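The values are calculated or read from the model by the stated rules, or taken from the named source; none is laboratory data. No experiment lies behind these values; they were computed from the predicted model shown. So basically every Cβ, Gly included, is an ideal-geometry build from the backbone, and we count neighbours across all protein chains shown. Quick note on the areas: whole protein, heavy atoms, side chains included, nothing else; ligands and nucleic acids left out. Shrake-Rupley method; radii C 1.70, N 1.55, O 1.52, S 1.80 Å.
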Amino acid sequence: MSYIIDRRLNAKNKSAVNRQRFLRRYRNQIQKAVSDAVNERSITDIDKGGKVSIPGRDISEPIIYHGQGGYNERVLPGNKHFSEGDKIARPQGGEGQGGGGKASDSGEGEDDFSFTLSQEEFLDFMFDGLELPNLVKRQLSGLEEFKTVRGGIANEGQPGRVNIVRTLRSANMRRLALTGGKRRQLQALQAELAELEQLPESDRDLVRYQELLDAIAKIERSIGKVPWLDTFDLKYNLMIKQPVPRSKAVMFCIMDVSGSMDQATKDIAKRFFILLYLFLQRNYEKTEIVFIRHHTSAKEVDEDEFFHSRETGGTVVSSALRLMQDIIKDRYSPEQWNIYGAQASDGDNWGEDSDVCRDILADDLLPSCQYFSYIEITNNEHQALWNVYETIQQEFPDVFALQHIRGVADIYPVFRELFHKKVA
């Protein structure tokens with residue numbers, strides 16, 4: 001007996017093509033499942049991959065099968081219950097009625113289709129179609145990135161970069177330059193030879209005829225000695241490294257941590273900023289993030305203190321905007337940086353401070369910013385800060401946006417609304 005052993009390697013990701021085709025085909029359904037998963041997860045698990053489910057009816061495909069009635073011929077294997085010529089009764093209810101479970105006397109349906117997304121795939125779907133608005137400024141900074149571009153034609157280079165057209169053109173020009181005079185002389189001799197050949201042999205000058213033949217042969221040999229392609233005919237495509245301009249951007253994350261912000265409201269604000277942080281880290285490698293916490297006073301903090309500090313107090317929103325203004329003056333020139341701001345608050349503010357916020361935003365910050373977004377997290381009526389910001393939005397509709405969040409379920413839709421990719 002012969003045994004056949006398959007020793008081919010069982011490479012990883014051998015079904016990656018089918019998986020990517022599935023993800024592309026059901027992108028909308030998967031995106032909705034990812035959106036639901038983002039709202040249901042805890043803050044620490046929000047960026048992890050995992051199992052998502054999409055309704056089975058959404059991935060069903062149309063099939064063609066025999067309907068009721070008609071005449072069909074089938075060849076069925078025999079067994080001890082049936083013999084040739086027996087007639088088998090048509091099943092009641094037609095095809096496609098099976099697959100149901102037990103303990104149910106009515107209803108029909110299918111289980112959801114569950115599968116696992118990797119962290120990369122999960123983040124791809126989470127931030128698909130999002131971008132930082134108005135990211136237009138570009139400049140050369142640093143020498144970290146280069147791209148190779150064609151820089152013309154060179155006489156030296158690698159064999160793989162030979163420019164065939166320019167090489168043949170150069171060789172042709174060299175041959176014409178070296179043999180031009182001889183070719184003209186050859187044409188003259190050939191013309192004279194043709195005239196002699198038209199004469200009768202009795203009238204033909206045989207000595208001159210032979211001289212012409214010898215001269216023509218000599219010139220043709222001389223022309224033939226000129227090489228068809230020489231080494232200095234070779235031309236190469238010159239490739240040079242060109243520095244890649246990149247955008248420099250900074251995002252100011254401003255979170256209200258005053259006493260009016262209860263723990264649930266702060267958690268919603270943190271969820272929003274975690275989404276923003278992941279979005280920037282994943283899509284904009286060179287973007288810097290400045291974290292600002294404020295109550296009656298504002299302070300620039302690091303990432304850990306921004307999300308975990310328990311410091312609280314009263315509410316003066318303008319303190320955070322003034323701090324942002326000072327940091328921009330000190331470190332981020334609007335001429336070189338794309339400046340963005342994202343502010344989260346419950347809308348509660350002290351006294352007349354909302355008007356001060358309006359002056360700072362309208363006169364100083366927004367003219368320097370590419371985009372500034374404000375989210376108000378509250379289930380109550382809007383207060384003075386929201387009303388002031390509404391007037392600012394009407395005055396700066398392209399660079400200022402505000403959204404209202406009532407609960408956890410609103411975070412991801414609001415985030416997508418603020419940073420969705422605009423069609424030009």
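Over the chain, what is the percentage of antiparallel beta bridges among all DSSP beta bridges, to the nearest 5? Of those bridges, close to 40 percent are antiparallel. Under the simplified labelling scheme, the residue 246-residue 218 pair shows an inter-label distance of 7.1 nm, with each label point 7 Å from Cα along Cα→Cβ. Residues of the stretch 234-274 with an amide N closer than 17 Å to a point placed 7 Å from the Cα of residue 421 along the Cα-to-Cβ direction: none.
Restriction of the trypsin sites (Lys or Arg not before Pro) in the stretch 208-276 to DSSP coil positions whose beta-carbon has at most 15 other beta-carbons within 10 angstrom yields 225.
Given the DSSP H assignment, sum -39500 (n - 2.57) over each helix run of at least 4 residues in the chain and divide by its residue total; what's the result at 222 nm in deg cm²/dmol, nearest 500? Mean residue ellipticity at 222 nm (helix-derived): -12000 deg cm²/dmol.
Between (1) -0.25, -0.58, -0.72, -1.41; (2) -0.34, -0.69, -0.81, -1.25; (3) -0.57, -0.80, -0.89, -1.27, which matches log10 I(q)/I(0) by the Debye sum over Cα atoms at q = 0.06, 0.09, 0.10, 0.14 Å⁻¹ calculated for the structure shown? Only one listed value fits the structure, namely (3). Net charge of the neighbourhood of residue 233, taken over other residues with C-beta under 11 Å away and scored Lys/Arg +1, Asp/Glu -1, is +4. In this structure the stretch 329-424 gives 48 Å² per residue of accessible area when probed at 1.4 Å with all protein chains present.
Rolling a 1.4 Å probe over the protein heavy atoms of the chain, with every protein chain left in place, gives an accessible area that is 49 percent carbon and sulfur. Among the chymotrypsin sites (Phe, Trp or Tyr not before Pro) within the stretch 191-260, those in coil by DSSP and having at most 15 neighbouring Cβ atoms inside 10 Å are 228. Angle between the Cα long axis of helix 263-283 and the longest principal axis of the chain, 0 to 90 degrees, nearest 10? Long axis of 263-283 versus the principal axis of the chain: about 0 degrees. Other residues with beta-carbon under 10 Å from the beta-carbon of residue 378 carry, at +1 per Lys or Arg and -1 per Asp or Glu, a net charge of -3.
Other residues whose C-beta falls under 12 angstrom from the C-beta of residue 219 contribute a net charge of +4, scoring Lys and Arg +1 and Asp and Glu -1. Amide H to amide H distances under 5 Å link residue 113 with 54, 56, where only residues 5 or more positions off or on other chains count and H is placed in the peptide plane. Helix 27-40 and the long axis of the chain differ in direction by around 30°, with both axes built from C-alpha atoms. Helix 164-198 axis versus longest C-alpha principal axis of the chain: approximately 20°, rounded to the nearest ten. Here the scattering of the stretch 301-351 is modelled by Debye summation over its C-alpha atoms, one equal scatterer each and no solvent; at q = 0.13, 0.28 Å⁻¹ the log10 of I(q)/I(0) is -0.43, -1.22. Extending 7 Å from Cα along the Cβ direction at residue 208 and again at residue 326 yields two label points whose distance is 10.8 nm.
Can you flag which of 286/422; 48/329; 241/286 are past 27 Å Cα-Cα? 48/329, as the Cα separations exceed 27 Å there. Ranked from largest to smallest solvent-accessible area, with a 1.4 Å probe on the protein heavy atoms, 358, 184, 175 come out as 184, 358, 175. Considering all C-alpha pairs of the stretch 166-309, those separated by over 25 Å amount to 65%. Relative to the current alpha-carbon distance between residue 263 and residue 53, full extension at 0.36 nm per residue lengthens the span by 72.5 nm.
As a length-normalised measure over Cα pairs under 8 Å and 6 or more apart, the relative contact order of the chain settles at 16 percent.
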